[in-house]
Amino acid sequence: MNELERWANFYLLMSGAAATLLGLMFVVIALAAERRSGDAAKIHIYLTPTVIYFASVLFLAALLTFPDHTRLTASLCTCLGGFAGLVYSGSFFLIARGGKKNYYELQDWIVYAVVPFAAYGVQVFGGVLFFHAPQRGLTLVAAGMLSLLALAVRNSWAIAVDVVSTPRGQQNSK
């Protein structure tokens, strides 16, 4: 399919960036575990979503580089991946609604729930639009992927700064 071939370099670049940054996240996780052994409960809240954002960009980019995609299969891959992300990021809304305060600030809730939900929504909409207007749909898919990658980089930076600014053995906010 000619539409996806035009985007092949973009997907290769996205998968390479996401894979590299995902590997670096595990270094951050190892540093966090060494420095803050009593803060392991926060891994689920702060580190896991960031790893999932990187992984979802990696997997979608890899899926879209498969040869011999049809519009239907490429659209399904994009929509299913985006829908899974909507369910995952939407679960943070339910947790917040249930009165559980997992995040320390409103800004945390926005960057770990609201923004990813919007990015995955753009991805799903792009997957649907791809079936009817391929270039416009792929542009929206790219926007969703770039949003998730940028968000994961931002979150990784916040986590890394928090880890290195906390003295060994002392717990902090993240």
At R0 = 22 Å, FRET efficiency that the Cβ-Cβ distance of Gln107 and Val164 yields, to 0.05
0.65
Report ³J(HN,Hα) in whole Hz for each residue of the stretch 59-65, in order, from the Karplus equation J = 6.51 cos²θ - 1.76 cosθ + 1.60 where θ = phi - 60°; Gly and Pro get x.
5, 5, 4, 5, 4, 7, 9
FRET efficiency for Phe131 and Val27 from the Cβ-Cβ distance with R0 = 41 Å, rounded to 0.05, comes out at 0.55
Here the FRET efficiency for Asn9 versus Ala84, based on Cβ atoms and R0 = 30 Å and rounded to 0.05, is 0.70
Can you tell me which of 119-128, 60-69 comes out highest on packing, and rank the rest after it, using the mean Cβ neighbours within 10 Å?
119-128, 60-69
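Computed from the coordinates by the stated procedures, all read-outs in this text should not be read as laboratory data. Please read all numbers here as calculations on a predicted model, not as lab measurements. Cβ: placed from backbone, ideal geometry, glycine included. Neighbour counts: every protein chain shown.
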